[in-house]
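What follows is a short report on a single structure.
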C-alpha cells in the first residue's frame, strides 16, 4: 500500500496580490468602505446607497448611530478561498 502523499500528482501554489482599489480597502478577508455622513443623518437615521462589487445596495442607518460605527453587509465582500462563501463588506 502506498502512503497518501505518494498519490498526489502535483501541488500548485499561487500567491495573489491585490491592487489598491479607489473605493475599498481590505481587512483580512473583508472589504472596507468608509462613508462620511452628516451628523443629523446619523442621529435621526437614514438610508444610504453603498457601493459593492456587484453594484449599489441600500443600507439603513439606525437612529442614534455613533461616529466610527461599522455596519456589515453579509456576502458582499471578497470571495473566500477554496470556494467558501463570500466574505463581508464592512
Among (1) part of a strand (DSSP E or B); (2) modelled with pLDDT under 90, which single condition is residue 49 missing? (2)
Search the stretch 52-74 for residues being in contact with a strand residue (DSSP E or B) (Cβ under 8 Å, 6 or more places away or on another chain) and part of a strand (DSSP E or B), and hand back the single one that is surrounded by the most Cβ atoms within 10 Å (Cβ to Cβ). 61
Show the residue pairs meeting these rules: Cβ distance below 6 Å; 6+ apart or different chains; first residue within the stretch 50-68 and within 20 Å of residue 23 (Cβ to Cβ); second residue assigned to a strand (DSSP E or B) and modelled with pLDDT under 90. 52/89
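The values are calculated or read from the model by the stated rules, or taken from the named source; none is laboratory data. Quick caveat: nothing in here was measured; it's all calculated off a predicted structure. Neighbour counts are summed over all protein chains in view; Cβ atoms, including those assigned to glycine, are modelled from backbone coordinates with ideal geometry.
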